[in-house]
Amino acid sequence: MHNIKVLGTGCANCRATVALIEAVAREKGVAITLEKVESLPEIMRHGVMSTPGVVIDGRVVHAGGVPARSKVEGWL
Amino acid sequence: MNPAAMGRSPATRLGLWLAGLALGGVLWVAAYSHLGEFADAVIGVFGLSRRTPLGEAVHFFFYDTPKVLLLLTGIVFVIGVVQTFFSPERTRALLSGRREGLGNVLAASLGIVTPFCSCSAVPLFIGFLSAGVPLGVTFSFLISAPMVNEVALVLLFGMFGWQVAGLYLGMGLLVAIVAGLVIGRLKMERYLEDWVQQILSGQMAQAVGEQLSWLERLQVGAAHVREIVGKVWPYVLAGIGLGAGIHGYVPEDFMAAFMGRDVWWAVPAAVLLGVPMYTNAAGIIPIVEALIGKGAALGTVLAFMMAVFALSAPEMIIMRKALKPTLIATFAAVVATGILLVGYVFNWLL
């Protein structure tokens with residue numbers, strides 16, 4: 001069970017990232033908890049400077065832009 | 001991504017990319033060097049003549065549209081690839097601990113090549129400060145990044161030539177550098193919102209950028225083209241369409257009366273008009289070209305463009321989350337003064 005957080009203040013790219021991760025997880029049948037983090041202090045705690053950022057189990061794996069599908073598949 | 005390419009090794013795929021790029025480059029140059037013939041052929045097909053207003057407007061449209069779209073595609077791709085070398089994390093590392101002065105120059109210059117979206121302006125701002133980048137240097141970056149953007153430069157180059165694009169680049173950098181220096185001198189650190197000061201006084205995780213292969217860099221470039229060109233092309237068409245109408249029908253010197261160089265209030269009016277507007281460069285520049293063609297002064301028009309990009313109200317609302325009103329007001333006042341000076345100096349010089 002992976003805990004995934006998408007960091008971002010509600011821009012279009014952030015929503016696209018959430019949707020992409022959900023789709024890939026469903027496709028691969030991987031159980032995840034997906035959380036969308038919109039509070040700026042919380043985003044900053046992860047040290048991410050360009051949104052959307054992706055955090056998996058407490059580790060920042062991506063920042064800035066919608067990740068490539070192949071990348072998301074690699075994470076799960 | 002196309003499924004046939006999935007099974008191939010990265011080296012083969014990089015080879016295919018490079019071959020595709022070489023072919024694309026040749027086609028690009030061939031198309032770009034025949035723009036005039038194309039537009040002539042189009043009005044020929046419609047049986048129009050450039051001596052009529054309609055013919056002139058149609059020619060303008062079919063000359064400028066392919067030209068701008070070609071330039072945009074080419075440069076946005078190149079910048080997209082260049083940007084992969086200047087992630088925000090890398091830029092921050094380059095700026096960290098820099099002193100004011102040289103730091104401001106470097107920050108404004110890096111603002112051109114570092115990918116920037118106003119939606120992440122606040123995280124970027126705090127990320128810079130937390131790594132020891134001085135406040136004034138951070139502002140130089142934040143002013144330059146949206147104002148001196150590649151889309152604006154491409155369009156200025158395409159429509160007015162390299163001199164005007166160069167002037168915009170130089171003046172944009174100058175405003176960003178000087179405004180950052182001034183804000184740095186004013187020692188306004190206490191006007192950051194309390195939650196920001198709290199973060200800055202503690203330890204913050206510093207995410208590191210990722211390493212990319214050349215294949216990935218090219219893919220990022222292509223994605224950048226899809227994103228930017230995909231988003232701005234309707235504005236380009238609308239802008240050039242409107243520009244074409246003005247070009248064909250609005251009388252010569254029509255704009256000179258209220259946007260000419262002798263109208264002293266035109267520059268401040270243009271700056272004020274730019275603030276509430278939040279548009280992309282692509283939509284605005286074709287109109288700007290037509291305005292200048294009809295007698296609007298270049299300095300006034302450049303000031304308007306700079307205000308649209310650097311002083312946009314929506315971006316200030318975003319920044320308000322991190323800055324107290326005094327600092328926002330100072331930022332707006334300093335940048336507006338810089339832009340006004342640029343406008344007046346241009347009108348006076350040219």
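Fewest-first ordering of A:Thr17, B:Thr73, A:Thr33, B:Thr65 by other beta carbons within 10 Å of each residue's beta carbon gives A:Thr33, B:Thr73, B:Thr65, A:Thr17. Using the Cβ-Cβ distance between B:Leu273 and B:Trp348 with R0 = 22 Å, the FRET efficiency computed as 1/(1 + (r/R0)^6) comes to roughly 0.60. Assuming R0 = 22 Å, what is the FRET efficiency of B:Gln198 and B:Lys324, from their Cβ-Cβ distance, to the nearest 0.05? Once the sixth-power term is evaluated, E becomes 0.95. Only Cα pairs under 8 Å and 6+ residues apart enter the sum, and on that basis the relative contact order of region A:2-75 stands at 41 percent. By DSSP, the beta bridges lying fully in region A:2-75 are antiparallel in about 55 percent of cases.
Taking every alpha-carbon pair under 8 Å whose residues sit at least 6 apart, chain B reaches a relative contact order of 20 percent.
Among B:Ala333, B:Ala266, B:Ala11, the largest mean-square fluctuation in a Gaussian network model of chain B (Cα springs under 10 Å) belongs to B:Ala11. According to the Kirkwood relation over distinct C-alpha pairs, the hydrodynamic radius of region A:2-75 is 12.0 Å. Among A:Cys14, B:Cys119, a tally of other beta-carbon atoms within 10 Å of each Cβ gives an order, fewest to most, of B:Cys119, A:Cys14.
Taking the Cα centre of chain A as origin and assigning +1 to Lys and Arg Cβ atoms and -1 to Asp and Glu Cβ atoms, the resulting dipole is close to 100 debye. In order along region A:31-46, the Karplus-derived 3J(HN,Hα) couplings, from 6.51 cos²θ - 1.76 cosθ + 1.60 at θ = phi - 60°, round to 7, 9, 10, 10, 10, 9, 9, 10, 7, 4, x, 5, 4, 5, 4, 8 Hz, and Gly and Pro are given as x. For B:Glu189 and B:Gln163, the difference between the fully extended length at 0.36 nm per residue and the C-alpha to C-alpha distance is 5.5 nm. Report P(r) for region B:32-175: all Cα-Cα distances, bin width 5 Å, range 0 to the bin holding the largest distance, values in whole percent. Bin by bin from 0 Å, the calculated values are 2, 10, 16, 16, 14, 11, 8, 7, 6, 5, 3, 2, 0.
Less than 5 angstrom separates the built amide H of B:Ala297 from those of B:Gly260, B:Arg261, all sequence-distant by 5 or more or on a different chain. Result for chain B in a Gaussian network model with C-alpha springs under 10 Å: among B:Lys324, B:Lys187, B:Lys67, the largest mean-square fluctuation is at B:Lys187.
Over chain B, with a Gaussian network built from C-alpha contacts below 10 Å, which listed residue (B:Arg98, B:Arg90, B:Arg190) shows the highest mean-square fluctuation? Comparing B:Arg98, B:Arg90, B:Arg190 in the GNM, the peak value goes to B:Arg190.
Near the amide H of A:His62, within less than 5 Å, lie the amide hydrogens of A:Val54, all on another chain or at least 5 residues away, with H placed in the peptide plane. Around the amide H of A:Val37, modelled in the peptide plane, lie the amide H atoms of A:Val6, A:Leu7, A:Gly8, all under 5 Å away and 5 or more residues distant in sequence or on another chain. Taking a ≥ b ≥ c as the square roots of the Cα gyration tensor eigenvalues, with a/c under 1.5 meaning rounded and otherwise prolate when a/b beats b/c, else oblate, which class fits the protein assembly as shown? The shape class here is oblate.
How would you classify region B:102-223 from its alpha-carbon gyration tensor, with a ≥ b ≥ c the square roots of the eigenvalues: rounded for a/c under 1.5, else prolate if a/b is greater than b/c, otherwise oblate? Judged from the Cα gyration tensor, region B:102-223 comes out oblate (a/c at least 1.5, b/c at or above a/b). Hydrophobic, long helices, defined as DSSP H runs whose alpha-carbon span along the helix axis is 30 Å or greater and whose mean Kyte-Doolittle value is at least -1.0, occur in chain B at B:10-32, B:53-83, B:162-185, B:214-249, B:325-349. When the Cα positions of A:Ser39, A:Gly53, A:Pro67 are compared along the charge dipole of region A:22-76, A:Pro67 comes out farthest toward the positive end, with charges on each C-beta of Lys, Arg, Asp and Glu. Our estimate of slack between A:Ala12 and A:Ala68, defined as 0.36 nm per intervening residue step minus the Cα-Cα distance, is 18.6 nm.
Antiparallel as a % of all DSSP beta bridges within the protein assembly as shown, to the nearest 5? Don't skip to the end; give the middle numbers.
Details: 9 of 15 bridges.
The answer is about 60 percent antiparallel.
Expressed as a fraction of 2.2 N^0.38 Å, the C-alpha radius of gyration for chain B is 1.08.
Cβ-to-Cβ counts within 10 Å put B:Glu189, B:Glu89 in ascending order as B:Glu189, B:Glu89, the fewest first.
Quick note: the coordinates plus some simple rules give every number you see, no bench work behind them. What you see is a predicted model; the values in this text were computed from it and never measured. With ideal geometry, Cβ positions are generated from the backbone for all residues, glycine too; neighbour counts draw on all protein chains shown.
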